[in-house]
1. Nearest 0.05, what FRET efficiency do LYS24 and ASN342 give at R0 = 22 Å with Cβ-Cβ as r?
2. Would you mind putting 289-295, 180-186 in packing order, based on average other-beta-carbon counts within 10 Å, highest first?
3. Could you calculate, for the range 42-103, the ratio of the Cα radius of gyration to the Kirkwood radius, expressed as Rg to Rh?
4. Most mobile of THR55, THR46, THR101 per a Gaussian network model of the chain (Cα springs, under 10 Å)?
5. What size of dipole, in debye to the nearest 20, comes out for the chain about its Cα centre when the only charges are +1 on Lys and Arg C-beta atoms and -1 on Asp and Glu C-beta atoms?
6. Could you list which residues have their amide H under 5 Å from that of THR3, counting only those 5 or more apart in sequence or on another chain, with H placed in the peptide plane?
7. By how many degrees, between 0 and 90 and to the nearest 10, does the Cα long axis of helix 64-74 differ from the longest principal axis of the chain?
8. Rounded to whole Å and ordered largest first, report the semi-axes of the equivalent ellipsoid of the chain derived from its Cα gyration tensor (root of 5λ).
Amino acid sequence: MKTIVITGGAGFIGSHVVRLFVTKYPEYRIVNLDKLTYAGNLANLTDIEHAPNYTFVKGDITDAAFLDAMFAEIQPDGVIHLAAESHVDRSITDPMSFVMTNVVGTVNLLNAAKNCWKDSPTGFEGKRFYHVSTDEVYGSLHNPEEFFLETTSYDPQSPYSASKAASDHFVRAYGNTYKMPVVLSNCSNNYGPNHFPEKLIPLMIHNIQTNKPLPVYGKGENVRDWLYVVDHARAIDTIFHNGTLGETYNIGGFNEWKNIDLVHLLCSIMDRKLGREEGTSAKLITYVTDRAGHDLRYAIDASKIMNELGWKPSLQFEEGLEKTVDWFLANQEWLDNVTSGNYQKYYEDMY
Ligand code: NAD
Ligand code: TDX
């Protein structure tokens with residue numbers, strides 16, 4: 001039996017990775033390690049919480065002593081590291097929490113795995129540390145012909161992407177220096193069920209439902225490359241099992257959208273779903289002050305993972321967006337819970 005620690009498993013992407021691994025690999029023991037910050041939510045995992053191969057551990061990756069003790073006790077074979085502070089706007093108001101979790105937390109986790117594995121009878125043999133990262137480390141594209149490749153130089157522009165870039169460098173440095181068995185991926189913007197409504201798509205869905213203004217930053221011309229979250233989880237499964245150690249894989253959907261076009265598409269899907277006249281929701285669109293240092297365009301070239309590992313996205317964007325809207329409409333209680341309490345204060349301060 002293999003034991004795999006998945007960090008950040010109660011978050012948006014982590015919950016889909018946990019679900020996939022718990023259901024697809026009943027022979028693995030999956031340990032979900034999560035601090036349950038504002039973004040962590042065990043309601044994302046109610047369908048698998050009683051599975052015999054699943055355990056939840058509440059813990060903070062900035063606590064090195066806790067991690068060392070946990071790793072000594074459970075002796076994991078693999079780590080899939082997703083825990084992070086993940087929202088760019090929050091990194092602008094509170095960069096230090098991003099340094100602590102994303103940089104210090106990642107180094108703590110590398111140390112815990114290194115110390116546990118190097119003392120084990122088989123050393124690094126059969127072990128794997130997988131670091132999940134973002135396309136934002138590559139910076140902002142200005143030439144429409146250009147894409148981010150695995151070889152593109154790092155050029156992070158926000159405190160969030162700087163912290164993720166630093167963590168990526170540490171993971172590669174541990175691979176090079178201590179010969180740790182590491183593998184990395186950098187993915188484009190995800191969307192889908194369990195997405196926290198501070199991010200563009202779920203925030204717009206929630207505001208359309210509640211007839212609130214739809215805040216589009218700047219002129220709405222910034223471009224993002226969107227991938228359905230379950231397809232990211234499938235890519236993580238593929239890389240964890242078949243990726244070459246020491247390598248990095250870019251993950252994306254070849255699916256670029258200007259923010260304003262995406263918001264219009266969402267408005268029209270929501271009008272149809274809510275039985276409103278076409279054009280009703282679009283009247284809520286409001287242009288607001290741009291995000292400081294707002295990256296213009298992200299676009300991933302995912303050829304390497306497609307050609308070398310045979311992964312490809314399973315859903316077209318319109319289909320994925322419909323599924324996402326349906327999920328939010330069917331899970332009103334989930335949305336009500338996460339938009340009450342601290343979210344109200346965040347929203348008032350932010351918009
Ligand atoms: P999220 O904010 O939804 O979830 C993060 C999870 O990490 C939460 O469950 C939270 O409780 C946990 N966490 C935060 N600080 C912690 C700490 N100190 N100790 C333990 N747990 C802690 O994030 P997400 O959108 O699911 O992103 C997951 C990972 O994927 C991140 O590393 C992010 O950088 C990366 N990523 C995200 C996207 C995206 O579009 N959301 C795209 C590419 C890469
Ligand atoms: O209210 C909004 N209005 C708006 O115009 C919000 C929340 C966002 N935006 C814009 C900013 C971006 O151009 O929409 C775009 C998407 O914004 P976010 O959903 O905040 O995502 P982004 O900043 O692109 O980062 C996301 O993708 C990469 C994730 O949050 C990161 O964790 C991931 O690494």
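1. 0.05
2. 180-186, 289-295
3. Result for the range 42-103 is an Rg/Rh of 1.03.
4. THR46
5. 420
6. ARG29, ASP77, GLY78
7. Orientation of helix 64-74: about 70 degrees from the principal axis.
8. Output for the chain: semi-axes of 33, 22, 19 Å.
Every read-out reported here was derived from the displayed coordinates using simple, explicitly stated rules and does not represent laboratory data. What you are looking at is a predicted structure, and each value in this text was computed from that prediction instead of being measured. All Cβ positions, even for glycine, are placed from backbone atoms using ideal geometry, and neighbour counts span all protein chains on display.
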